[in-house]
Amino acid sequence: MEILQYAYMQRALVAGLLVSITCGVIGTYVVVRRMVFISGGISHSAFGGIGLGYLVGIDPVVGAMVFTIASALAIGGISKQTRLPEDTAIGIIWAVGMALGVVFVGLSPGFAPHLFGYLFGNILSVSSSELMVMGGLTLVIILVVSLLYKELLSLSFDEEFARVSGVPTGWLYFVLVVLIALSVVVLIRAVGIILLIALLTIPAAISRQFVSSLSRMMLLSVVLSVVLVVLGLWLSYVLDLASGATIILLSGLVFAASVGVSRLRREWMARRAAPG
Amino acid sequence: MASEEVVRLEDVWVEMDHTPILEAVNLSVDQHDFIGIIGPNGGGKTTMFKVMLGLVRPSRGRVTVLGTTPEKGRRRVGYVPQDSLFDRDFPASVWDVVLMGRLGRVGRLRRFSAEDKAAAWNALETVEMQRFKDRQIGRLSGGQQQRVFIARALVSDPRLLLLDEPTASVDAPMMEEFYELLNRLKQRMAIVLVTHDLSAVSVYVDTVGCLSRKLFYHHSKEISREDLEAAYQCPIELIAHGVPHRVLREHT
């Protein structure tokens, strides 16, 4: 346990906790409302902002935040009109964002340090100021979700009915995609823009098989996420592997196991329910 | 009998991509009505409901709901859509689902009040589903889910109940119970149900109509053979199979 003495390891654990809270809460909406592809589009478009950060000399994470929010609003706007199929639009925003990033990085003078970390994550190199940003965004996410919990539940369950009963579904949808954009920013430093979609969905997808309410799904996802991040981080340290990728691979394995467990559990419950 | 009009459609047309979905629909529903409207799939039944709910804007005509626009009036309209549950594993309990019907009443950023919860409990009692309160919605049978969605529509204390294909998921033995429930509800509100299943228009419905782009409705208990043939565009023998005789007027 002597590794816990290192300040970078302490920061990594705090970052892991913030990442887990974000994944558990927002990942739940992403999974139940089937917004995985939208989230993928938003996260990949962040690369444009990272490239811009390098080019103009600002913090790439700030650039990423501008790009994720802009692409979230664009996707939200497109989904409200029917002419262009939503998935087509998402695919375009996804690739254009990446392409902009490549061009911006190419135009930047000299060498782009830590580029690999933004793409695939490097939770061990999170700085104190980045932790502050992640903590602030996590707080905003928790606050908004707790204020709009019942409205977001009804939006996820049956959007049309929600609208009929007086929920302003139009702007609520924008709130949800912007929350996803903010989560992407929280997750970038930990697992990178290419891998973060897995951490956003896997804990929620595991939990969903075992719970019957949205709030319990969030809670279980947060707990699972903490376990996966900490265990993955420890494994990556012991095996000397990339931390982000190790966390994702571990999550994938646990997900596969959970599908088996969930099936066994269902069979067991069916057998118990059947008489004789 | 003094009675109040809850919905009025005047010369309503709906077009999508230049294809007419509804043509010159006129309908007046008053507070004591219990109307069953039959029509083929794609005949515009769901669209007509969406017009009443302000979800689809007609290209022509006037819609009045409870004396105002559909957007304002719909808060007092209980809507039971077809196939409400698109995801059987959705993590929500029966209680969560029923409370969703109160969202128009409770202030934004507020918690549900004791009054909201009492209304939800009463609605569950009306549909006799209190004991399933904590059950996950997807773990119920089709007929039970249907009852929960009716409860969700009832918690807003509606003046009008709109049911879209309500019997599609109800097993035959439960059908009678289902109509008994509607029969009790019609004391308190107007009811309009639409279905493509002619045999589902039961003896409980007070008046029947027929919708296939155009609405054939004469505020009567029977549909004429001509209307039905016009709506389905085929000889009556092909479709009247199994229709209760009292619904279909004998050709004279």
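No value in this document is a laboratory result; all are computed from the given coordinates. Just so it is clear, the structure is predicted and the values come from calculations on it, not from any experiment. Cβ atoms come from the backbone with ideal geometry, glycine included; neighbour counts cover every protein chain shown.
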Where the Cα pairs of chain A fall when distances are cut into 5 Å bins, in %: 1, 6, 12, 16, 17, 16, 13, 9, 5, 3, 1, 1, 0, 0, 0, 0
Descending Cα extents along the principal axes, chain B, whole Å: 57, 42, 40
Test item: A:68-80 mean partner chain Cβ contacts at 10 Å: 0
Rg ratio (alpha-carbon, reference 2.2 N^0.38 Å) - the stretch A:40-95: 1.19
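Helix by helix through chain A, keep the DSSP H runs that span 27 Å or more along the axis on Cα and average at least 0.0 on Kyte-Doolittle, and give those back in order. The partial results should precede the final answer.
Values: long enough: A:7-32 (37 Å, 1.59); A:36-56 (31 Å, 1.31); A:60-80 (30 Å, 1.56); A:86-107 (32 Å, 1.72); A:128-147 (29 Å, 2.06); A:169-208 (31 Å, 2.26); A:214-239 (36 Å, 2.20); A:243-273 (44 Å, 0.60).
Membrane-span-like by this rule: A:7-32, A:36-56, A:60-80, A:86-107, A:128-147, A:169-208, A:214-239, A:243-273.
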Alpha-carbon centroid distance for the pair the stretch A:30-51 / the stretch B:119-168, whole angstrom: 36
Number of partner chain Cβ atoms within 10 Å, mean per residue of A:205-215: 3
FRET efficiency for A:VAL259 and A:MET9, using Cβ-Cβ distance with R0 set to 41 Å, rounded to 0.05: 0.80
Whole-angstrom Cα spans of the stretch A:1-129 along principal axes, big to small: 58, 41, 18
Distance in nm between pseudo-label sites at A:SER127 and B:ASP17 (7 Å out along the Cβ direction from Cα): 5.3
Rg and Dmax of the stretch A:115-266, Cα atoms only, in Å: 17.1, 55
Relative frequency of Cα-Cα separations exceeding 13 Å in the stretch B:85-147, percent: 62
Square roots of five times the Cα gyration tensor eigenvalues for the stretch B:1-95, Å: 24, 20, 13
Where only C-alpha atoms are counted, convex hull volume of the protein assembly as shown per residue in Å³: 183
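Sequence gap at least 6, Cα distance under 8 Å: using those rules, report the relative contact order of the stretch A:1-79 to the nearest whole percent.
Relative CO of the stretch A:1-79 lands at 20 percent.
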Test item: A:161-173 mean partner chain Cβ contacts at 10 Å: 5
Isotropic mean projected area of the C-alpha convex hull, the stretch A:201-255 (nm²): 3.3
Cα pair distances exceeding 29 angstrom across the stretch A:43-197, given as percent: 23
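Taking the Cβ-Cβ separation of A:ARG34 and B:GLU125 as r and a Förster radius of 25 Å, what is the calculated FRET efficiency to the nearest 0.05?
Using R0 = 25 Å, I get an efficiency of 0.15.
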222 nm mean residue ellipticity, helices alone, for chain B (DSSP H n ≥ 4; -39,500 (n - 2.57); rounded to 500): -8000 deg cm²/dmol
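Hey, what number do you get for chain A at 222 nm if only DSSP H runs of n ≥ 4 count, each worth -39500 (n - 2.57), divided across all residues, to the nearest 500? Present the calculation step by step, with values, prior to reporting the outcome.
Numbers: 11 runs with 228 residues, N = 276.
Estimated from H runs of four or more residues: -28500 deg cm²/dmol.
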Angle between chain B longest axis and helix B:142-154 axis [Cα atoms, degrees, rounded to 10]: 80
